[in-house]
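Working notes, beginning with the structure itself.
The values are calculated or read from the model by the stated rules, or taken from the named source; none is laboratory data. On a predicted model such as this, the values are computed, not experimentally measured, just so you know. Backbone-built Cβ (ideal geometry, glycine too); neighbour counts: all protein chains shown.
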Amino acid sequence: MSTFERVETVIDVLTGEIVSERKNVIAFNPMPPEPAYVKLYIEDLGKLLDLQSGHRDILLHVAATVAYDGLVSMTTLRKRRIAAALKCSIRSIDNAITEFVKREILLRLGRAEYELNPHLFAKGSWKEIRERRLQFTTRITYNAESGRTIETTTD
């Protein structure tokens, strides 16, 4: 914890005499530094998460639409645009979104509204990203028998 001392001094402008002095000590906890990071490509993330090849391309388009609050709106119009860009069906987009939710890449918030897992994707200031990460816990476990398991919880 750090402290900052602020002194307010009132001086009589005619005499130059100090009339009053007030000190305030302000304590604050500094923001922890942004953790080290490495750029990870969607293709590589898709391989790590064992996503189907076509779903990796869809994930790139979904992630590209993230707002600074971490939210993604997958409206019918947005799905049509992604489908046209990738030359696939809207059903393929829906299947990919279902897989992203199942694999905890996306958290379903409501009809056509999702949050990208802030441990995988981030946009905005570190303070805001950190706050979202504190509410979105992801644990990856590696086991020789069952392979990799990903478990995400939200507060």
Taking the stated definitions as given, is ALA63 of a type in the set (Gly, Ala, Ser) and surrounded by 15 or more Cβ atoms within 10 Å (Cβ to Cβ)?
yes
Scan (1) part of a helix (DSSP H, G or I); (2) modelled with pLDDT under 95 for the single condition THR138 breaks and write down its number.
(1)
Test set (1) at pLDDT below 80; (2) in a loop (DSSP other than H, G, I, E, B) - LEU45 fails condition number
(2)
Inside the range 79-113, the number of residues satisfying the requirement of being part of a helix (DSSP H, G or I), under 20 Å from GLN52 (Cβ atoms) and not hydrophobic (A, V, I, L, M, F, W, C) is 8
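Just the residues that are within 18 Å of ILE42 (Cα to Cα) and either at pLDDT below 80 or in a loop (DSSP other than H, G, I, E, B) (or both), please, taken from the range 116-125. Before you say what the answer is, go through the steps one by one.
Applying the first criterion (within 18 Å of ILE42 (Cα to Cα)) to the range 116-125 yields 116-123.
Once the filter is applied, which keeps residues that are within 18 Å of ILE42 (Cα to Cα) and either at pLDDT below 80 or in a loop (DSSP other than H, G, I, E, B) (or both), the range 116-125 yields ASN117, PRO118, HIS119, LEU120, PHE121, ALA122, LYS123.
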I need the full set of residues from the range 81-121 which are under 19 Å from LEU134 (Cβ atoms) and among the polar types (S, T, N, Q), in order please.
ASN117
Could you tell me whether any residue of the range 70-82 is surrounded by 10 or more Cβ atoms within 10 Å (Cβ to Cβ), free of Cβ contacts under 8 Å to residues at least 12 places away in the same chain and either under 22 Å from ILE150 (Cβ atoms) or of a type in the set (Gly, Ala, Ser) (or both)?
no
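Determine, yes or no, whether GLU128 is assigned to a strand (DSSP E or B) and either modelled with pLDDT under 90 or out of contact with any helix residue (DSSP H, G or I) (no Cβ under 8 Å at 6 or more places or on another chain) (or both). Quick ask: steps written out before the conclusion?
On the way: assigned to a strand (DSSP E or B): no; either modelled with pLDDT under 90 or out of contact with any helix residue (DSSP H, G or I) (no Cβ under 8 Å at 6 or more places or on another chain) (or both): yes.
No: the conditions fail for GLU128.
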Residues of the range 57-69 classified as in contact (Cβ under 8 Å) with a residue 24 or more places away in the chain, assigned to a helix (DSSP H, G or I) and not small (Gly, Ala, Ser), total
5
Looking at (1) free of Cβ contacts under 8 Å to residues at least 40 places away in the same chain; (2) of a type in the set (Lys, Arg); (3) surrounded by fewer than 12 Cβ atoms within 10 Å (Cβ to Cβ), which is the one condition that is false for LYS127?
(1)
Which condition from (1) part of a helix (DSSP H, G or I); (2) farther than 30 Å from GLY147 by Cβ; (3) not β-branched (Val, Ile, Thr) is the one that GLY54 breaks?
(2)
